[in-house]
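Structure record follows, encoded as structure tokens.
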Amino acid sequence: MKTRVAILTTVMILCAGFDWAASGALAMSADEAMSLLKEGNARYVSSRAQYPNQGVDRRNSTATKGQEPFATILSCSDSRVPVEVLFDRGVGDLFVVRVAGNVANVDQTGSIEFAVDHLGTPVLVVLGHTKCGAVAAVAQGAELRGNIIPIGKAICPAVATARKNNPSATGETLVNEAIKANVWQAIEDVFRTSPITVDRVKSGKLKVEGALYDIDTGLVTWMGPDPKQDKLLSDKTR
Ligand SMILES: [Zn+2]
């Protein structure tokens, strides 16, 4: 036991140089944050991008004063989903958690907790996207290898839900339904495994929404809060 305590203490000391402290209370509301995301995406879609907060001044000020991102985004790692670009934002604006298939396994949920709890971002967006190869692989029964397996396992329930709700769907239709179900699945996994996130939502400090990015048009379609959110927030078994 003594050894374990010593190891934990060592880890805490080693981590002391990392900025875990919040940068201060964010003045922005969830509605204001969502407006910035929607306005930025509208600019991107219509080729009117303003590239805000991408200059040396912004880099210097965030390096000196710390970060105060106004939104947490869980998105896929797909190179066609460049989150800051598609929302037309810059340095220090978005806390982006990217992983193939935008799943919410433990490391992603931990990162989300850091952003919503320590940094106080007022919104969490789970951003799926069209033509997602990770979701398509699971929907098509591809053999997954190595460390991709836990990602596939996290996507499986979404594919099962898509099949159940769309019994006749196959091919691209099934994949499209699975991509949407996978957004809800990630939100539900966050709520199921993260009392910290649940508390933030219950106390009105955080809004959680799903969204879908179209890699052909650049448009983000907003899906709203999870239809099961109230049930998930009141789950006593967590
Ligand atoms: Zn993807």
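The values are calculated or read from the model by the stated rules, or taken from the named source; none is laboratory data. Being a predicted model, the structure only gives us computed values, none of them experimental. Please note: Cβ atoms are built from the backbone with ideal geometry, for glycine as well, and neighbour counts cover all protein chains shown. Side chains are part of the model used for accessible areas, which takes the heavy atoms of the whole protein and leaves out ligands, DNA and RNA. Shrake-Rupley method; radii C 1.70, N 1.55, O 1.52, S 1.80 Å.
Restricting to segment 2-233, what percent of DSSP beta bridges are antiparallel, rounded to 5?
Working: 4 of 20 bridges.
The antiparallel fraction comes to roughly 20 percent.
As an exercise, take the mean of 1/r over every pair of distinct alpha carbons in segment 106-186, invert it, and state the Kirkwood radius in angstroms. List each step's numbers first, then the result.
Values: mean 1/r = 0.0733 Å⁻¹.
Over segment 106-186, the inverse of the mean reciprocal pair distance is 13.6 Å.
Please compute the per residue accessible area over segment 2-233 with all protein chains in place, 1.4 Å probe, rounded to a whole number of Å².
On the way: 12120 Å² over 232 residues.
Per residue, segment 2-233 has an accessible area of 52 Å².
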Out of residues 5 or more away from LYS207 or on other chains, whose amide H comes under 5 Å of its own, with H placed 1.01 Å from N in the peptide plane? VAL123, LEU124
Spatial extent of segment 2-233: Rg and Dmax, with the Cα atoms as the point set, Å: 18.6, 61
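With a cap of 13 neighbouring Cβ atoms within 10 Å, and only residues DSSP puts in a loop, list the GluC sites (Glu not before Pro) found in segment 132-238.
GLU143
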If a helix is a whole DSSP H run, which ones in the chain reach 15 Å or further along their own axis (Cα) and hold a mean Kyte-Doolittle hydropathy of at least 0.0? 2-14, 149-165
Here, trypsin sites (Lys or Arg not before Pro) of segment 63-150 satisfying both criteria (DSSP loop; at most 16 other Cβ within 10 Å) are ARG80, LYS131, ARG145
Rank VAL208, ALA49, MET28 by how far each Cα sits towards the positive end of the charge dipole of the chain (+1 on Lys, Arg Cβ; -1 on Asp, Glu Cβ) and give me just the farthest. VAL208
Would you compute, from DSSP H runs of 4+ residues alone, the mean residue ellipticity of the chain at 222 nm, taking -39500 (n - 2.57) per run and dividing by the full residue count, rounded to the nearest 500? -14000 deg cm²/dmol
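Students sometimes get this wrong: rank HIS129, HIS118 by accessible area, probe 1.4 Å, all chains present, largest first. Intermediate values should be presented prior to the final figure.
Numbers: HIS129 0, HIS118 75 Å².
The most accessible residue leads, giving HIS118, HIS129.
Summing +1 for each Lys or Arg and -1 for each Asp or Glu, what net charge is found among the other residues whose Cβ lies under 15 Å from the Cβ of VAL123?
On the way: positive: LYS38, ARG89, ARG200, LYS205, LYS207; negative: ASP31, GLU32, GLU39, GLU68, ASP93, GLU113, ASP117, GLU209, ASP226.
Computed value for this residue: -4.
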In nanometres, what is the gap between the two model label sites at THR173 and ARG192, each 7 Å from Cα along Cα-to-Cβ? 2.8 nm
Nearest 20 debye, what's the magnitude of the dipole of the chain about its Cα centre given +1 on Lys and Arg Cβ and -1 on Asp and Glu Cβ? 500 debye
Out of the total accessible area of segment 2-233 (probe 1.4 Å, heavy atoms of protein only), what percent is carbon and sulfur? 55 percent
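Multiply the residue separation of LYS164 and LEU233 by 0.36 nm, subtract the distance between their alpha-carbon atoms, and state the gained length in nm to one decimal. Before the final figure, lay out each step's value.
Numbers: separation 69, 0.36 × 69 = 24.84 nm, distance 2.41 nm.
Gain in length upon complete extension: 22.4 nm.
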